[in-house]
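Comments concern the structure below.
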Amino acid sequence: MLRRYIIGLLMVVLLLITTTPSSAASSSYAVIDAETGRLLAGSNENVPLPIASLTKMWTALVAIENLDLKTPVTISQRAATSEGSSIYLTAGEETTLETLLYGLLLRSGNDAAAAIAEATGGSLEGFSKMMNDTALFYGLENTHFENPSGLHNEKHLASAYDTAQMLRIAMKNEKFEKIASTKYFKGTTGNGTLWENKHKLVRNNKFAIAGKTGYTKVAGRTLATYFEKDGKKVIVVTINEGNDWVVHSNFADYVFKHYTNEVIAKEGTYSVQSDINIKLTEPQHLLLTKKEVKKVKHILQLPRSKTKDSIGRWSFYIDDQPVKDAIVDVQWK
């Protein structure tokens, strides 16, 4: 009897051990400073999870970095019959990469994703490799792509923090920013209609500049939003959050209320040693709370020997964590 009790107890303990972490990591969020990428708030932010159609932000950026927007694209049978959400492309019709990108980011068309992938990478598989190579280049450590649309695959995962970085990196590209922030677009495909951006906050919240929606049964609701107000820029990503519209708005409101854009180093020339001046060509800002303002530390890295074109690095830390770097010109007296 005692033996059966012990075995039963062990089974319960093992069940708790094997199910609790999975349950705890089934959802996540990340709030970052869109200028520096610094994490402001998060939960399970570095855990790779299914991100559904948030994938398409990276699909768009990889395509934009490799092809001209006016590139003509002929729709294949494979693309036209893609599973899931669609902009109703037909096999054999011809359109432009630009139109497909609007269909991708505004309407989340899986057929558009496939057509873009084939035009850019030769195939869905070839393009997925490009996506992973680009993720590696940009330092996304908890990201792996298996397709350009975000359809479920056990290996197709990204963390909330990496996904926020995807949007931050992509928004530095003017072409991506223009498309992702568009509220309505008149499609020029054979079945083209007036496409409305699925991201409700981009349409209705004046501080929501751009973003992407996503959903699969496995991933749940996923959402990425880029907010800007009074020079403060913040990105919110949630994975498997049913109340995401409200959550994103609340996170943004909190940052706008409790953080200020502080000048942590002014533009100008500084004397740092008897024989060395450094020149900072533009002021450096950080999004900080009142408590964090006093925690900012400065570390300057200078070349060991005099050269004609010397540069140094001015690094800014909070709680011993690096948050921003600036390149400075080193002038020898």
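The values are calculated or read from the model by the stated rules, or taken from the named source; none is laboratory data. Predicted model, so just to flag it, every value in this text is computed and none were measured. With ideal geometry, Cβ positions are generated from the backbone for all residues, glycine too; neighbour counts draw on all protein chains shown. The area values use the complete protein model at the heavy-atom level, side chains included, leaving out ligands, DNA and RNA. Shrake-Rupley method; radii C 1.70, N 1.55, O 1.52, S 1.80 Å.
Structural remarks
- Apportionment of accessible area to carbon and sulfur, the chain, percent (1.4 Å): 52
- Heavy atoms of Tyr138: accessible area, 1.4 Å probe, square angstrom to 10: 80
- Look at the alpha carbon pairs under 8 Å that are at least 6 residues apart: their mean separation over the length of region 217-333 gives a relative contact order of 18 percent.
- Comparing Cα centroids, region 165-239 and region 282-298 end up 29 angstrom apart.
- For the chain: Kirkwood Rh in Å [reciprocal of mean 1/r, alpha carbons]: 22.0
- Size-normalised alpha-carbon gyration radius of region 168-243, reference 2.2 N^0.38 Å: 1.19
- Nearest-20 debye value, the chain charge dipole, Cβ charges on Lys, Arg, Asp, Glu: 900
- In Hz, Karplus ³J(HN,Hα) per residue of region 130-136 (6.51, -1.76, 1.60; θ = phi - 60°; x = Gly, Pro): 4, 4, 5, 5, 5, 4, 5
- Looking at the chain, the accessible area is 52 square angstrom per residue; that uses a 1.4 Å probe and ignores ligands, DNA and RNA.
- Ordering Glu267, Glu93 by accessible surface, largest first, gives Glu267, Glu93; the 1.4 Å probe counts only protein heavy atoms, with every chain in place.
- The residue list Thr96, Ile51, Asn191 was ranked by how far each Cα lies along the charge dipole of the chain toward its positive end, using unit charges on Cβ atoms, and Ile51 comes out on top.
- Counting only heavy atoms of the protein chains and using a 1.4 Å probe, Phe207 has close to 50 Å² of accessible surface.
- Accessible area, probe 1.4 Å, largest first, for residues Glu125, Glu196: Glu125, Glu196
- Spread over its residues, the convex hull of the C-alpha atoms of region 245-317 is 123 Å³ per residue.
- Relative contact order of region 229-293, defined on C-alpha pairs under 8 angstrom at six or more residues apart (%): 30
- In Å, descending, principal axis extents of the Cα set of region 175-333: 68, 40, 31
- Evaluating 6.51 cos²θ - 1.76 cosθ + 1.60 at θ = phi - 60° for every residue in region 103-115, the Karplus couplings come out as x, 6, 7, 8, 10, 6, x, 5, 5, 5, 4, 5, 5 Hz, glycine and proline recorded as x.
- The figure for Thr281 is an accessible area of roughly 80 square angstrom, using a 1.4 Å probe on the protein chains alone.
- Candidate aspartates and glutamates for bridging to Lys129, where Cα separation is under 17 Å - those fewer than 8 sequence places away on the same chain excluded: Glu65, Glu118, Glu141, Glu146, Glu154
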